[in-house]
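Peer 1: I have a structure I would like to understand better, so I am pasting it below and will then ask my questions one at a time.
All of the numbers you see were taken from the coordinates with simple rules; none came from a lab. Keep in mind that what you see is a predicted model, and the values were worked out from it rather than measured. Using ideal geometry, Cβ is built from the backbone for each residue, glycine included, and neighbour counts are taken over all protein chains shown.
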Amino acid sequence: MKKWTGAPARAGAAVRAVAAVAVAVAAVLALTGCDNPDALHDAGPARQVAEHPSPQPLWPAAATSAPAPSRAESDAPPPSPLPGLAAPAGGLAQLDARSVLLHDPALTDLEHRALSGDCTGCAVQPAQYRDLSGDGRPELITAVLTAQADGRAVLHVYGERDGKVVPVLAVAANAAFTADTVGRDLVLHEPDGPTARTSSTYRWNAVRMAFVDRQTVYTGPADGAAGCPTPEPSVPAPGPPGRAVPSSPRTAGR
């Protein structure tokens with residue numbers, strides 16, 4: 001009786017080698033932070049969460065999305081009061097936004113057309129009132145949309161000083177912009193392609209709303225993002241051609 005011992009021994013050695021490789025791969029992935037994504041991990045004690053003001057939207061997003069630059073003239077001389085318009089004792093909320101805009105000599109011809117109704121698809125956003133300067137008197141915030149004409153909008157902010165109405169911000173934006181206030185900051189969001197959004201922050205500098213910073217946030221999946229490798233199960237190499245590797249030793253002739 002002759003026992004088949006060579007092939008099983010080679011098979012066992014191959015299985016042990018594959019197991020060792022699998023353990024090594026798992027160890028490397030664990031060290032690099034690429035272990036099982038569904039597993040729970042102890043990241044240590046939780047950090048204390050500080051309270052931050054949440055965004056307060058001004059208007060809903062517009063439907064169109066044509067690109068346009070966004071800029072602030074924070075280095076210009078102090079703004080001059082609007083001619084022929086006094087600030088009511090009860091605050092700017094007592095003024096009609098269209099009336100304030102019509103008194104602004106810096107308005108463009110397209111904005112005047114939007115105010116007069118001589119512009120198809122143009123609009124004036126309802127006035128919003130937020131205290132951006134911190135003096136307890138809310139500023140008036142509005143916007144003129146000229147989307148059908150040039151795919152743009154102009155965001156306007158007016159404050160009051162010495163009983164006069166003062167323009168403290170006028171910034172051109174994409175017609176599909178949205179805006180909100182975060183505390184006393186005014187944040188303007190503009191689409192930047194199909195998978196990105198640019199957010200520009202403006203803050204009171206004792207004279208006007210001045211540009212602070214601009215950030216781009218990617219809202220879609222990034223192409224070519226590196227990920228963790230997924231180990232694939234290994235199969236032992238087949239034995240020499242023409243020879244079967246039995247699952248257990250056999251006695252010849254049985």
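Peer 1: With the dipole of segment 83-153 worked out from charges on the C-beta (+1 for Lys and Arg, -1 for Asp and Glu) around the Cα centre, which of Ser99, Pro83, Pro126 lies farthest toward the positive end?
Peer 2: It is Pro126.
Peer 1: When N is the residue count of segment 131-177, what does its C-alpha Rg come to as a fraction of 2.2 N^0.38 Å?
Peer 2: With N residues counted in segment 131-177, Rg over 2.2 N^0.38 Å equals 1.34.
Peer 1: Whole-Hz ³J(HN,Hα) for each residue in segment 53-60, computed from phi via Karplus 6.51 cos²θ - 1.76 cosθ + 1.60 with θ = phi - 60°, x for glycine and proline: what do you get?
Peer 2: For segment 53-60, the Karplus-derived couplings read x, 8, x, 10, x, 8, 9, x Hz, x marking Gly and Pro.
Peer 1: Specify whether the C-alpha gyration tensor of segment 112-215 places it in the rounded, prolate or oblate class, a ≥ b ≥ c being the square roots of the eigenvalues: rounded for a/c under 1.5, otherwise prolate if a/b is larger than b/c and oblate if not.
Peer 2: Since a/c reaches 1.5 but b/c is at least a/b, the shape of segment 112-215 is classed as oblate.
Peer 1: Separate question: How large is ³J(HN,Hα), in whole Hz, for each residue of segment 107-116 in order, when computed from phi with the Karplus curve 6.51 cos²θ - 1.76 cosθ + 1.60 and θ = phi - 60°, using x for Gly and Pro?
Peer 2: Those phi angles translate into 5, 7, 4, 5, 5, 5, 5, 5, 5, 8 Hz.
Peer 1: Amide H of Lys164: which non-local residues (sequence gap of 5 or more, or other chain) have their own amide H closer than 5 Å, using H built in the peptide plane?
Peer 2: Sorted by chain and number, the residues that satisfy this are Ala87.
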